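> Sharing a structure with you now.
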Amino acid sequence: MRRTVHLVLLAFATVFLPPHPAETAEPTSAPLTCIFGAFDDELTPLYQAITGPKEEVLHGIHFAVGKLKGRNVIVCRSGIGKVNAAMVTALLVQHYRPSELIFCGIAGGINPDLHPGDIVIAAKTAQHDFGNLTAEGMEVRGTKSPMTWLRNPVFLEPDARLLAVAEAAGNRIKLADIETAKGKRHPRIIKGVVATGDIFVASPAKKAELRKALGADAVEMEGAAMAQVCRDLRVPWLVIRSISDSADHNALQDFDSFTALAAQNAAQLTIEIVAQLAARPAAERAGK
Ligand code: ADE
């Protein structure tokens with residue numbers, strides 16, 4: 001009898017109660033862009049650019065809520081690694097229901113043509129440390145959605161419109177030339193493959209493996225985790241990364257030397273993306 005009452009109540013709730021906000025993940029009426037980075041160095045240029053920021057704290061995580069180029073934004077620090085990125089993504093989506101999420105930060109360069117300060121806009125992102133490790137080596141596999149139990153593809157791709165906005169923004173910004181031992185060079189911006197894992201890569205062997213197995217252009221520690229959560233919660237996402245090191249013997253040293261430059265360049269592109277989003281006509285925003 002109690003079981004029947006439970007079933008009737010469940011049926012009633014399913015039919016008549018509105019879905020929980022996170023289940024619909026529809027953006028709030030005023031467009032809102034959430035931007036996050038793993039640590040403060042990645043975020044400093046963004047915090048400096050926000051106007052009228054107010055601090056909100058959820059479960060001890062600090063969110064700077066303000067405006068950037070006229071658009072409502074939230075900037076926050078996720079902490080390093082996939083678990084932290086996944087947690088903050090879920091929290092942001094559940095609480096603020098953003099129109100899109102952007103990860104803005106630095107990365108190790110895997111593509112030999114990339115140098116400190118260059119930018120990779122992720123056209124694809126994959127978790128390089130999820131899969132089967134056998135005597136033959138690492139076989140990367142797609143994760144499984146806890147909601148549908150279906151396997152995700154190894155490579156997750158951002159929303160095509162958002163990617164196009166990022167490319168257009170990349171064509172508009174003027175990054176500063178970089179002084180190198182061989183003279184000045186102008187930073188490049190490419191669309192590419194960003195590999196994510198819970199490892200700071202400072203190994204030529206791992207670097208070669210990531211290039212061969214995934215065609216990776218850059219490696220970092222959060223992007224694909226954010227992308228996976230956004231896929232399940234149906235929120236558009238982008239990953240913007242600027243190169244701080246070459247993921248090899250010198251990676252730790254280069255990281256110290258080039259993090260500020262790389263963070264500045266990633267933030268400059270991200271700010272222009274937000275400006276482009278703010279300038280889009282309402283009809284386009286609604287996908288008409
Ligand atoms: N972020 C910046 N450089 C990195 C590297 N070499 N490996 C992983 N994440 C990074």
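> For segment 177-200 and segment 37-67, write down the distance between their C-alpha centroids in whole Å.
So the two Cα centres are separated by 25 Å.
> Additional query: Of K174, K144, which has the most accessible area with a 1.4 Å probe, and how do the rest follow in descending order?
K174, K144
> Suppose a student asked you for the relative contact order of the chain, using Cα pairs under 8 Å spaced at least 6 residues apart; what percent would you report?
26
> Now, a different point. Antiparallel versus total DSSP beta bridges in segment 24-168: what percent is that, nearest 5?
Around 65 percent antiparallel, to the nearest 5.
> What is the local net charge at T51, summed over the other residues whose Cβ is closer than 13 Å to its Cβ (Lys, Arg +1; Asp, Glu -1)?
Summing Lys and Arg as +1 and Asp and Glu as -1 gives +4.
> If you take all C-alpha pairs in the chain, what percent of them are over 35 Å apart?
20
> State the percentage of accessible surface on the chain attributable to carbon and sulfur atoms; use a 1.4 Å probe and exclude ligands, DNA and RNA.
Looking at the chain in its full context, I get 56 percent from C and S.
> Okay, next question. Sort 99-110, 75-86 for me by packing, meaning the mean count of neighbouring Cβ atoms within 10 Å per residue, highest on top.
Ranking the peptides 99-110, 75-86 by packing returns 99-110, 75-86.
> With point charges of +1 on the Cβ of Lys and Arg and -1 on the Cβ of Asp and Glu, referenced to the Cα centre of segment 34-164, which listed residue (P153, G52, S78) lies farthest in the positive direction of the dipole?
G52
> Can you list the HN-Hα couplings for segment 112-123, worked out from phi with the Karplus curve (6.51, -1.76, 1.60; θ = phi - 60°), rounded to whole Hz and with x for Gly and Pro?
x, 7, 9, 9, x, x, 5, 10, 10, 8, 5, 8
> What order do R241, R141, R280, R172 take when sorted by accessible area (1.4 Å probe), most exposed first?
R172, R141, R280, R241
> May I pose another question? When ligands, DNA and RNA are left out and all protein chains stay put, how many square angstrom of accessible area per residue does the chain have with a 1.4 Å probe?
On a per-residue basis, 50 Å².
> Total Lys pairs in the chain closer than 20 Å by alpha-carbon, pairs eight or more apart in sequence or interchain only?
Eligible lysine pairs with Cα atoms under 20 Å apart amount to 16.
> How long is the gain from D198 to A279 if the chain were fully straight, where each residue apart is worth 0.36 nm and the alpha carbon distance is subtracted?
25.5 nm
> Ranked by accessible surface with a 1.4 Å probe, highest first, in what order do K182, K191 come?
Reading off the accessible areas and sorting them downward yields K182, K191.
> Follow-up. Can you say what percent of the DSSP beta bridges in segment 19-282, counting only those with both residues inside, are antiparallel? Round to 5.
DSSP beta bridges in segment 19-282 are roughly 45 percent antiparallel.
> Please turn the phi angles of segment 166-179 into ³J(HN,Hα) values with the Karplus equation 6.51 cos²θ - 1.76 cosθ + 1.60 (θ = phi - 60°), one per residue in order, whole Hz, x for glycine and proline.
Working through the residues one at a time gives 5, 5, 4, 5, x, 6, 8, 6, 10, 6, 6, 4, 10, 6 Hz.
> To continue, here is another question. For D256, what is the net charge nearby, where nearby means another residue's Cβ is under 11 Å from its Cβ and Lys, Arg count +1, Asp, Glu -1?
So the environment of D256 carries a net charge of -3.
> Taking 0.36 nm per residue of separation and subtracting the Cα-Cα distance, what length does fully extending V83 through R161 add?
Result for the pair: 25.3 nm of gain on full extension.
The values are calculated or read from the model by the stated rules, or taken from the named source; none is laboratory data. Quantities reported herein were computed from a predicted structural model and do not represent experimental measurements. Glycine gets a Cβ as well: all are built from the backbone with ideal geometry, and neighbour counts include every protein chain shown. Side chains are part of the model used for accessible areas, which takes the heavy atoms of the whole protein and leaves out ligands, DNA and RNA. Shrake-Rupley method; radii C 1.70, N 1.55, O 1.52, S 1.80 Å.
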